[in-house]
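Below is one structure, written out as structure tokens; comments come after it.
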There are 2 protein chains.
Amino acid sequence: MNFTRRKLFVTAAAATAATALTPLAPARAAMPLAGGQVPGFYRYKVGDYEITAVMEGVRRFPLPDALVSNAKKDEVSLALAEAYLPKDMMTITYTPVVVNTGKKLIVFDTGNGELGAKGTNGATGQFIKNFKAAGFDPAKVDTVVISHFHLDHVDGLLTLDNKPVFPNAEVMVPEVEWKFAMDDANMAKARKLDVDILFNRARHNFGVIKNPTQYQWGKEVAPGITAIGTPGHTPGHTSFALQSGSGKLLIQTDVTNLSALFVRHPDWHLLFDMDGNLAEQTRRKFFDMAIAEKTQIQAFHHPFPGLGHVEKDGKGYRWVPEMWLPTI
Amino acid sequence: MNFTRRKLFVTAAAATAATALTPLAPARAAMPLAGGQVPGFYRYKVGDYEITAVMEGVRRFPLPDALVSNAKKDEVSLALAEAYLPKDMMTITYTPVVVNTGKKLIVFDTGNGELGAKGTNGATGQFIKNFKAAGFDPAKVDTVVISHFHLDHVDGLLTLDNKPVFPNAEVMVPEVEWKFAMDDANMAKARKLDVDILFNRARHNFGVIKNPTQYQWGKEVAPGITAIGTPGHTPGHTSFALQSGSGKLLIQTDVTNLSALFVRHPDWHLLFDMDGNLAEQTRRKFFDMAIAEKTQIQAFHHPFPGLGHVEKDGKGYRWVPEMWLPTI
């Protein structure tokens, strides 16, 4: 063999020393470092529908002690390390989905928006920038479908000065989530535990965007796109089954957060799941159904672009990303 | 639970029929389908160096009977299906790598170029387009490092009318590959078997780009970037170990082709491997070393952007893509 481990790597510093006596190369200005990333979108077809996964951002923060309520922090760290992620940090990706049916332009969830982006140094709040890079115009959006009322899904509805980001769109919300969030008794209970931010933001956002359309589980939110009740994460948490021609796609929303944790360990209960047991039951049923149908899944919190398949792997599941294609 | 399998999907046709009697929505021009994909590049840092993986294309063709010389076509089809790829097609991604050291702009391999792109309807030959989208200028390239002389690595050196694509670059080639390809006896042997295209193209390309610099295994091709002999795929096939500060990266070139086949089944011998046994030996040693060092790998033929880790999985290995990040 022609390589040994010792000799694999040579540091640039050592190399510079070793080559210090060689003649200078012809003078040419160095190419400055680019610093920037490619625009964050990825496009594919499902039947006649054009789907665009749009990166809203990635947020990384110190791993909370109780990110998983029924696993030790060390176990969570190990699962992160096994996925080659920093073991002392949580990494959350946010990927809203745009569907162009050819007749309607539909946005599924909005990301953190300008409010959520404050103080994150561009790590989040990139949805509109990437949405425009993908060739879209917020004024041309016909429908915004909200899956549930967590802030990373609804705060992108409004600008910082409370103007609608999608001025001409019908906003649709799950009837179950609406009833839960608008119930004063539920809000009072949450306030006692200091977890009423969902209620506050919902009332704020839908105080500006008045009378959103309430949609029901089992019914369509648009032609070929059915709302599926997947409660647990929140009471009204909703996923979507899209079919066009023979093409199928499940938009899972937050059935799992980071795949390296919650696809791998479906029994783990995320801090942000309001009912951990129900969320787990929903997750297992949803994945088993996707596996039975061999249907691809678009996931809000999996690594971008969040398109892939789930399969059984021992006691848990495994996430298999779809191959990136340069044409659609 | 709130969903059943039967009700998951509703076809758009059925939906249209069901909603045919609802009043028309306010007239607004439909957003035309975009049709295009995001530019094909992905950027990340390794120490002080900026790495840009640049998509050259993806080619899909009917699965050859003997794509794997020591496995049955059915077994190969099964492995493709297990990766959710079309089971009767081979899918090859081409991803050259650009390294900006801050002082030098270096391109590792060139893709199929204009010649290779002919007749592929834009499926390949996209390197220069994506290279420019990433902010680079071919005239600013200091060095082009060629890993081996297969056409999908060297044909991008020249335009269709035989002009250098990188007019100011030093072109560097592996000494071992050069000696092999320029040996008339080797070429005569290959011609008898009608497999002399590598020789023909090498002599054509390096007839235009005269006297490329020959580099040696175990030595640097640029500061901090060491050539590693990884023969088998071709006699002079080369990989690269890059280190900057504490950052490390292995540029594996063609140690494996499609990961779903040859990472999963390291014992499979690819039709294009000139010495299948040696290629397998190299592959196992290379991966075991990467695993021991926990070093990330940049792979030419894995799904774009081709950045990830390899780990043991039963008798074979598993490819774990790195998480896509919106900032570098």
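The values are calculated or read from the model by the stated rules, or taken from the named source; none is laboratory data. Values in this document were obtained by computation on a predicted structure and should not be read as measured data. Backbone-built Cβ (ideal geometry, glycine too); neighbour counts: all protein chains shown.
Within the stretch A:121-140, restricting attention to residues that are within 17 Å of A:Leu158 (Cβ to Cβ) and touching a Lys or Arg at 6+ places or on another chain (Cβ under 9 Å), the residue that is nearest to the other protein chains (Cβ to nearest Cβ) is A:Thr124.
Report, ordered by the first and then the second residue, all pairs with beta carbons closer than 9 Å, sequence separation of six or more or different chains, a first member in the stretch B:227-245 that is more than 9 Å from chain A (Cβ to nearest Cβ), and a second member that is among the aromatic types (Phe, Trp, Tyr) and surrounded by 24 or more Cβ atoms within 10 Å (Cβ to Cβ). Final answer for the pair search is B:Ala227/B:Phe240; B:Thr234/B:Phe149; B:Gly236/B:Phe149; B:Phe240/B:Phe108. Residues in the stretch A:241-263 that are over 17 Å from the mean Cα position of the chain (by Cα) and not hydrophobic (A, V, I, L, M, F, W, C): A:Gln243, A:Ser244, A:Gly245, A:Ser246, A:Gly247, A:Lys248. Restricting attention to the stretch B:203-234, the residues that are small (Gly, Ala, Ser) and touching an Asp or Glu at 6+ places or on another chain (Cβ under 8 Å) total 2. Restricting attention to the stretch B:192-225, the residues that are away from chain A (no Cβ under 14 Å), of a type in the set (D, E, K, R) and surrounded by 13 or more Cβ atoms within 10 Å (Cβ to Cβ) add up to 3. What are the residues in the stretch A:264-306 that are part of a helix (DSSP H, G or I) and of a type in the set (Lys, Arg), if any? Result: A:Arg283, A:Arg284, A:Lys285. Pairs under 6 Å by beta carbon, first residue farther than 15 Å from A:Trp324 by Cα in the stretch B:303-328, partner charged (D, E, K, R) and buried (at least 21 other Cβ atoms within 10 Å of the Cβ), six or more apart or different chains? Partner pairs satisfying both residue conditions: B:Ile328/B:Arg43. Within the stretch B:287-301, being among the hydrophobic types (A, V, I, L, M, F, W, C) and either on the phi > 0 side of the Ramachandran plot or more than 8 Å from chain A (Cβ to nearest Cβ) (or both) holds for B:Phe287, B:Ala290, B:Ile291, B:Ile297, B:Ala299, B:Phe300. Per the listing A:Thr95, A:Thr11, A:Thr4, A:Thr91, the residue uniquely at pLDDT 95 or above and surrounded by fewer than 22 Cβ atoms within 10 Å (Cβ to Cβ) is A:Thr91. Scanning the stretch B:59-71 turns up no residue that is at pLDDT 95 or above, surrounded by 14 or more Cβ atoms within 10 Å (Cβ to Cβ), hydroxyl-bearing (Ser, Thr, Tyr) and over 19 Å from the mean Cα position of the chain (by Cα). When A:Ser77 is tested against (1) among the hydroxyl-bearing types (Ser, Thr, Tyr); (2) touching a strand residue (DSSP E or B) at 6+ places or on another chain (Cβ under 9 Å); (3) away from every other protein chain (no Cβ under 11 Å), only condition (2) is not met. Looking at A:Asp313, is it farther than 24 Å from A:Glu177 by Cβ and surrounded by fewer than 20 Cβ atoms within 10 Å (Cβ to Cβ)? When the stated conditions are applied, A:Asp313 passes them. Mind listing just one residue for me: the one in the stretch B:141-163 that is in contact with a strand residue (DSSP E or B) (Cβ under 6 Å, 6 or more places away or on another chain) and over 18 Å from B:His301 (Cα atoms) and, of those, farthest from the other protein chains (Cβ to nearest Cβ)? Checked the stretch B:141-163; the qualifying residue farthest from the other protein chains (Cβ to nearest Cβ) is B:Val144. For first residues located in the stretch A:197-217 and among the polar types (S, T, N, Q), partners that are at pLDDT 95 or above and assigned to a helix (DSSP H, G or I) and lie 6+ apart or on another chain with Cβ distances below 7 Å form the pairs A:Asn205/A:Val154; A:Asn205/A:Leu157; A:Gln214/A:Glu175; A:Gln214/A:Trp178; A:Gln216/A:Glu175. Of the residues screened, B:Tyr84 is one that is in contact with a His (Cβ under 6 Å, 6 or more places away or on another chain) and under 29 Å from A:Ile297 (Cβ atoms).
The residue that is farthest from A:Glu82 (Cα to Cα), counting only those in the stretch A:239-263 that are assigned to a helix (DSSP H, G or I) and hydrophobic (A, V, I, L, M, F, W, C), is A:Phe262.
Residue count for the stretch A:104-149 satisfying the condition of being over 25 Å from A:Gly232 (Cβ atoms), modelled with pLDDT under 95 and among the β-branched types (Val, Ile, Thr): 1.
Given the structure, is B:Glu175 touching a residue at least 60 places away in the same chain (Cβ under 8 Å) and more than 17 Å from B:Asn112 (Cα to Cα)? Taking the combined requirement at face value, the residue satisfies it. Looking only at the stretch A:268-278, filter to residues that are among the hydrophobic types (A, V, I, L, M, F, W, C), away from chain B (no Cβ under 14 Å) and closer than 25 Å to A:Lys189 by Cβ; which one of those is surrounded by the most Cβ atoms within 10 Å (Cβ to Cβ)? This residue is A:Leu270. Can you say whether A:Val54 is more than 15 Å from A:Leu307 (Cα to Cα), surrounded by 18 or more Cβ atoms within 10 Å (Cβ to Cβ) and within 19 Å of the chain's Cα centre (by Cα), as far as the supplied structure shows? So A:Val54 fails the test.
Residues checked against (1) under 22 Å from A:Asn130 (Cβ atoms); (2) in contact with a strand residue (DSSP E or B) (Cβ under 6 Å, 6 or more places away or on another chain); (3) surrounded by fewer than 19 Cβ atoms within 10 Å (Cβ to Cβ):
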| site | (1), (2), (3) |
| --- | --- |
| A:Glu280 | no, no, no |
| A:Met289 | no, no, yes |
| A:Glu293 | no, no, yes |
| A:Thr327 | yes, no, yes |
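Would you be able to say whether some residue in the stretch B:302-311 is at the interface with chain A (Cβ under 10 Å from one of its Cβ atoms), among the acidic types (Asp, Glu) and in contact with a Phe, Trp or Tyr (Cβ under 9 Å, 6 or more places away or on another chain)? Scanning the stretch B:302-311 turns up at least one residue that is at the interface with chain A (Cβ under 10 Å from one of its Cβ atoms), among the acidic types (Asp, Glu) and in contact with a Phe, Trp or Tyr (Cβ under 9 Å, 6 or more places away or on another chain).
Residues of the stretch B:270-287 that are aliphatic (A, V, I, L, M) and either farther than 9 Å from B:His233 by Cβ or free of Cβ contacts under 8 Å to residues at least 12 places away in the same chain (or both): B:Leu271 alone. Is there a residue in the stretch A:257-267 that is at the interface with another protein chain (Cβ under 8 Å from one of its Cβ atoms) and touching a helix residue (DSSP H, G or I) at 6+ places or on another chain (Cβ under 8 Å)? Scanning the stretch A:257-267, I find no residue that is at the interface with another protein chain (Cβ under 8 Å from one of its Cβ atoms) and touching a helix residue (DSSP H, G or I) at 6+ places or on another chain (Cβ under 8 Å), so the answer is no. Among the residues of the stretch B:68-106, those that are touching a residue at least 24 places away in the same chain (Cβ under 8 Å) and acidic (Asp, Glu) comprise B:Glu82, B:Asp88. Output yes when any residue across the stretch B:52-68 is more than 9 Å from chain A (Cβ to nearest Cβ) and of a type in the set (Ser, Thr, Tyr), and no when none is. No: zero hits.
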